[in-house]
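These notes are about the structure you will find just below.
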Amino acid sequence: MTKAEIVSQISQKTGIDKSTVLVTVEAFMDLVKENLSKEENVYLRGFGSFILKKRAKKTARNITKNTTIIIPEHLVPAFKPAKTFIETIKEHTN
């Protein structure tokens, strides 16, 4: 599902015009990115959490140059679904 499809379906379900829904969805995504960049998690009760996970330092190989490089420890964004979200998915896939 694409962002355009999400906007279209929200517009159909709520009766709000697509341009307003698009602005709202964009604002939501911007807020999630902004808060994660400040290392603040975003919690949506009943849906899930947008969190930062720490990736450990590791050694990688550049096969073409036959060299090794060290990738430092860093944070990556992740989504952790809520228990109710997981249960809903399990019910619909079985």
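Taking segment 62-94 on its own, how many of its residues are open to solvent by less than 70 Å² (accessible area, probe 1.4 Å) and either among the charged types (D, E, K, R) or in contact with a helix residue (DSSP H, G or I) (Cβ under 9 Å, 6 or more places away or on another chain) (or both)?
1
Return the total of residues in segment 62-88 being part of a strand (DSSP E or B), touching a residue at least 24 places away in the same chain (Cβ under 8 Å) and not aliphatic (A, V, I, L, M).
So the answer is 4.
Residue pairs, Cβ under 7 Å, 6 or more apart or interchain, first in segment 12-31 and within 24 Å of Val42 (Cα to Cα), second open to solvent by less than 70 Å² (accessible area, probe 1.4 Å). List them.
Partner pairs satisfying both residue conditions: Val21/Val7; Val21/Ile10; Val21/Ser11; Leu22/Val7; Val25/Ile6; Val25/Val7.
Condition check ((1) in a strand (DSSP E or B); (2) of a type in the set (Gly, Ala, Ser); (3) open to solvent by 90 Å² or more (accessible area, probe 1.4 Å)) across all residues:
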{"site": "Ser8", "(1), (2), (3)": "no, yes, no"}
{"site": "Ser11", "(1), (2), (3)": "no, yes, no"}
{"site": "Ile16", "(1), (2), (3)": "no, no, no"}
{"site": "Val25", "(1), (2), (3)": "no, no, no"}
{"site": "Val32", "(1), (2), (3)": "no, no, no"}
{"site": "Asn35", "(1), (2), (3)": "no, no, no"}
{"site": "Tyr43", "(1), (2), (3)": "yes, no, yes"}
{"site": "Ser49", "(1), (2), (3)": "yes, yes, no"}
{"site": "Ala60", "(1), (2), (3)": "yes, yes, no"}
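The values are calculated or read from the model by the stated rules, or taken from the named source; none is laboratory data. Remember, predicted model here, so these are calculated numbers, not experimental data. No Cβ is skipped: glycine too gets one built from the backbone with ideal geometry, and neighbour counts run over all protein chains shown. Ligands, DNA and RNA are stripped out before the accessible areas are found, and what is left, the full protein with its side chains, is counted by its heavy atoms. Shrake-Rupley method; radii C 1.70, N 1.55, O 1.52, S 1.80 Å.
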